[in-house]
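The structure under discussion is supplied below as C-alpha cells; questions concerning it will follow.
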Amino acid sequence: MRVLLVEDDLLIGDGVRAGLEQEGYTVEWLENGLDAAAALEAEPFDAMVLDLGLPGLNGKEILRALRERQSVMPVLILTARDTREEKIEGLDLGADDYLVKPFDISELFARLRAIIRRAAGRSWPVISREDLTLDPASHRVMVKEDEIKVSRREFNLLRLLLENQGRVMTRDSLERRLYGWNGDVESNVLEVHVHNLRKKLGNEVIQTVRGVGYMIDKVS
Ligand code: CA
C-alpha cells in the first residue's frame, strides 16, 4: 500500500512518515501542495493523508481537483482548526475522514485502515478469500487456522492483490506501490515475492497475467 503524505509541518510529517513506514506502508512525503497535485496526476497511490494548510496549493484545492477527476482514492485530512465548518467543508469536498491536530498516531493508523477498507468495498476489517485471511491491523496472514509467516514485502504485495481482487495489477504499478520513488527495485524482485507467496499459499491463489502483471481472482 502506497500512501501519499502531504504535510508542510516537518515534525508532524516526519513522525507520520516514520509511523506509517513501520506499519508497512510505502510512504511518499511532499511538503508543497503543487508537488502533491502533480504527483497525484502521475503516480499510483492507495490513499492520501492530506494537511489542509499548505504552501503552493492548499489541501482543499488538491482534494477538489482529485474528486473532479473522478478519483475514488481514500483521503484522510489533517486539520489544525477544530471547527465544525472546517470538518464539514472537508467532508463535503470528498474527504473520507479527518483528524484534528494534535492526534494520536495509532488513531491515524486505524482511520487509514478504515477508509482503505471502505474504498475497497469491505465493511469487515479482515480481508478474506476462501481459506485465506489477511488482517491489516495485526499484520497476520492465516490459511484456515494456521498462521503463515510472510515478510513485510510479501504481506504488502498480498494485501495489494487482495484489496484489488478481480483486477489485474500491472508490474509497474505493483513495484511503485511496494518500493516508491526511492526504492531500488531489482528487475526480478516481484517474481521472487510472488514465488515465495506461492510456496506458502499454494500455486493457485496468485495468477500471472502474461506480459501484464498479476491478479487474485474474485470468488463469489
Ligand atoms: Ca500545514
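Mind giving me the FRET efficiency for V209 and V126? R0 is 22 Å, r the Cβ-Cβ distance, nearest 0.05 is fine.
Taking R0 as 22 Å, the efficiency between V209 and V126 is 0.25.
Another question, if that's okay. Please identify the trypsin sites (Lys or Arg not before Pro) of segment 175-210 that satisfy two criteria: DSSP loop assignment and at most 11 other Cβ atoms within 10 Å. Which are they?
Loop-located and lightly packed - R210.
Using θ = phi - 60° and the Karplus form 6.51 cos²θ - 1.76 cosθ + 1.60, what ³J(HN,Hα) does each residue of segment 123-134 get, whole Hz, x for Gly and Pro?
Per residue, the Karplus-derived 3J(HN,Hα) values read 9, 8, x, 8, 8, 9, 8, 6, 7, 9, 10, 10 Hz.
Just flag the GluC sites (Glu not before Pro) in segment 107-213 sitting in loop per DSSP whose Cβ has no more than 15 other Cβ atoms within 10 Å.
E130, E145, E186, E204
Which whole-number value in Å² is the accessible area per residue of the chain, probe 1.4 Å? Could you put the intermediate results ahead of the total?
Working: 11150 Å² over 220 residues.
That works out to 51 Å² for each residue.
Just to confirm my numbers, what's the Cα centroid distance between segment 88-125 and segment 174-200 in Å?
Cα centroid to Cα centroid, the span is 28 Å.
Can you run the Rg to Rh ratio on the chain? Use alpha carbon positions and the Kirkwood inverse-distance Rh.
Numbers: Rg = 17.6 Å, Rh = 18.1 Å.
That ratio is 0.97, to two decimals.
Report the far tail of the P(r) of segment 89-150, meaning the percent of Cα-Cα pairs longer than 14 Å.
That fraction is 65 percent.
Of all DSSP beta bridges in segment 1-129, what percent run antiparallel (nearest 5)?
0
What are the principal axis extents of the Cα atoms in segment 127-216, in Å, biggest first?
For segment 127-216, the Cα extents along the three principal axes come out at 35, 26, 21 Å.
Sticking with this structure for a sec: If the cut-off is a Cα-Cα distance under 15 Å, which aspartates and glutamates reach K200, setting aside same-chain residues fewer than 8 apart in sequence?
D131, E145, D146, E147, E154, E191
Moving on. Can you list the residues, at least 5 places off or on another chain, whose amide H is less than 5 Å from the amide H of Y98, using H built in the peptide plane?
Result for Y98 returns I77.
Here's something else I'd like to know. Round to the nearest 0.05 the FRET efficiency obtained for R167 and V219 when R0 = 25 Å and r is the Cβ-Cβ distance.
Numbers: r = 14 Å, r/R0 = 0.56.
So the FRET efficiency works out to roughly 0.95.
Are there chymotrypsin sites (Phe, Trp or Tyr not before Pro) in segment 114-181 that DSSP marks as loop and that have at most 12 other Cβ atoms within 10 Å, and which are they?
Passing both the DSSP loop test and the Cβ count: W181.
Shifting gears a bit: Rounded to a whole number of µm²/s, how large is the Stokes-Einstein D of segment 1-106 at 4 °C and 1.567 mPa s, given Rh as the Kirkwood radius over C-alpha pairs?
On the way: Rh = 13.6 Å.
Roughly 95 µm²/s, to the nearest whole number.
Another question, if that's okay. 222 nm [θ] for the chain, helices only, -39500 (n - 2.57) per DSSP H run of 4+, per residue, to 500?
-12500 deg cm²/dmol
If you add up the charges near K200, with Lys and Arg at +1 and Asp and Glu at -1, over every other residue whose beta carbon is less than 10 angstrom from its beta carbon, what do you get?
Details: positive: K149, R198, K199; negative: E154.
Net local charge, K200 excluded: +2.
The values are calculated or read from the model by the stated rules, or taken from the named source; none is laboratory data. Since this is a predicted model, take the numbers as computed values, not measurements. Positions of Cβ are generated from backbone atoms using ideal geometry, with glycine treated the same way; all protein chains shown enter the neighbour counts. Ligands, DNA and RNA are excluded from the accessible area calculation, which covers all protein heavy atoms including side chains. Shrake-Rupley method; radii C 1.70, N 1.55, O 1.52, S 1.80 Å.
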